[in-house]
1. Tell me the label-point distance for the pair LYS229, GLN270, using the 7 Å Cα-to-Cβ offset, in nm and rounded to one decimal.
2. In a shell of Cβ-Cβ distance under 14 Å around CYS289, excluding CYS289 itself, what net charge do Lys and Arg (+1) and Asp and Glu (-1) give?
3. GLU91 to GLU152: extension gain in nm, 0.36 nm per residue of separation minus the Cα-Cα distance?
4. What are the equivalent ellipsoid semi-axes of the chain, built from the alpha-carbon gyration tensor (square roots of five times its eigenvalues), in whole angstrom, biggest first?
5. Looking at segment 147-306, what % of the alpha carbon pairs are farther apart than 25 Å?
6. Which of the trypsin sites (Lys or Arg not before Pro) across segment 88-126 are loop residues per DSSP, with 14 or fewer other Cβ within 10 Å?
7. Filter the chain for me: DSSP H helices, axial length by Cα at least 27 angstrom, mean Kyte-Doolittle hydropathy not below -0.5. List them by residue number.
8. Taking 22 Å as the cut-off for C-alpha to C-alpha distance, list the pairs among LYS254/LYS306; LYS138/LYS232; LYS272/LYS306; LYS35/LYS281; LYS160/LYS215 that go past it.
Amino acid sequence: MEQDITKIIPKFLKEKLEKQYGEEISKKIIEGYTKKRKVTLRVNTLKSSVEKIEEELRKNGIEYEKVKWSKEAFIIKNVREKEIQALEIYEKGEIYLQSLSSMLPPIILNPKEGKDILDMAAAPGGKTTQIAALVNNKANITACEINNIRVERLKYNLEKQGAKCVYVMQVDSRKIDDFFSFDQILLDAPCSGSGTLKLENGKINENFTEKLIQKSTKSQMALLRKAIKILKPGQEMVYSTCSILQEENENIVKNVLAPGKVEITPINFQEKEELPLLPTKIEETLCVCPNNEYEGFFIAKIKKVK
Ligand code: SAM
């Protein structure tokens with residue numbers, strides 16, 4: 001007998017989704033939670049090339065699809081993570097297992113060589129290593145992480161991926177000294193994870209509670225305020241979460257916007273039509289709908305005008 005998935009979703013989440021998106025889109029989101037996501041990976045151009053990885057995958061009988069918006073992104077068709085992790089190219093850090101949605105914030109940040117770049121919530125380092133690859137190790141990246149266990153994971157991944165231009169700080173990023181300033185900032189904020197929920201074995205992640213959402217919004221607000229403070233005037237930052245709830249996304253961003261001082265920068269992403277997008281309350285921000293290829297994700301680009 002088929003399970004009624006709407007009964008597994010916590011009542012508060014169903015209500016929030018329906019209030020924000022209406023019944024039809026909420027149904028699509030909830031359906032997205034039930035999908036087994038395809039394995040996806042990013043080619044680490046610091047250690048390898050797209051051509052070499054294609055050859056290695058073919059040699060190992062691994063079928064893949066390419067993604068239109070990034071030549072480094074691959075969708076794996078016939079094996080799971082375990083089989084990828086057994087490959088030499090994985091062991092050597094030539095590829096990184098990363099969800100497609102989570103590759104978007106660094107691409108949208110568009111990091112530049114020679115700049116001072118801050119990653120405010122960095123572990124385990126998927127986006128930090130991607131930024132390092134995008135600038136070909138030729139920028140000064142500061143990667144901050146509050147959690148001492150996760151900071152070790154971050155260091156391990158940086159080493160494995162050959163990201164040599166990264167300085168790691170174990171710190172509460174809300175307390176970074178205002179004396180510092182950066183040309184580009186990524187704030188991939190801690191969140192409830194409402195975009196990545198999985199409805200498996202008739203259960204949903206027990207840690208997903210209303211309290212977690214409240215705790216996340218508090219920390220997101222403080223982190224974003226700090227980011228704006230230490231971003232150099234005239235420069236841009238990216239705020240992202242793997243949540244699709246307005247209270248963790250648009251509401252947080254709206255709080256720091258001030259015409260003439262802090263403004264939204266339209267996201268210039270050519271292949272938007274390739275993404276399963278949800279409506280957002282701030283024009284020119286992106287919210288990705290969870291499905292069998294993408295995690296739910298929110299991305300805003302913000303400019304500190306002065
Ligand atoms: N950007 C990471 C990546 O792509 O691999 C994922 C980051 S995860 C969404 C958020 C991270 O922020 C967690 O590792 C968490 O421990 C860390 N964090 C939470 N609060 C923080 C704070 N106040 N300062 C620094 N890091 C924090």
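1. 4.0 nm
2. On the way: positive: LYS27, LYS28, LYS35, ARG37, LYS272; negative: GLU24, GLU31, GLU273, GLU274, GLU293, GLU295.
Surrounding charge for CYS289 is -1.
3. Numbers: separation 61, 0.36 × 61 = 21.96 nm, distance 1.77 nm.
Going from the current span to full extension adds 20.2 nm.
4. Working: eigenvalues 153, 149, 60 Å².
Equivalent ellipsoid of the chain: 28, 27, 17 Å, largest first.
5. Numbers: 4797 of 12720 pairs.
Percent of Cα pairs beyond 25 Å in segment 147-306: 38.
6. Details: sites: LYS92, LYS112, LYS115; in loops: LYS92, LYS112, LYS115.
Here the trypsin sites (Lys or Arg not before Pro) that fit, given the DSSP loop and packing criteria, are LYS92, LYS112.
7. Values: long enough: 210-230 (30 Å, -0.30).
What comes out of the filter, once short or polar helices are dropped, is 210-230.
8. Numbers: LYS254/LYS306 17 Å; LYS138/LYS232 19 Å; LYS272/LYS306 29 Å; LYS35/LYS281 26 Å; LYS160/LYS215 33 Å.
Where the Cα-Cα span goes over 22 Å, the pairs concerned are LYS272/LYS306; LYS35/LYS281; LYS160/LYS215.
Throughout, read-outs are computed from the coordinates displayed, never taken from laboratory work. On a predicted model such as this, the values are computed, not experimentally measured, just so you know. Backbone-built Cβ (ideal geometry, glycine too); neighbour counts: all protein chains shown.
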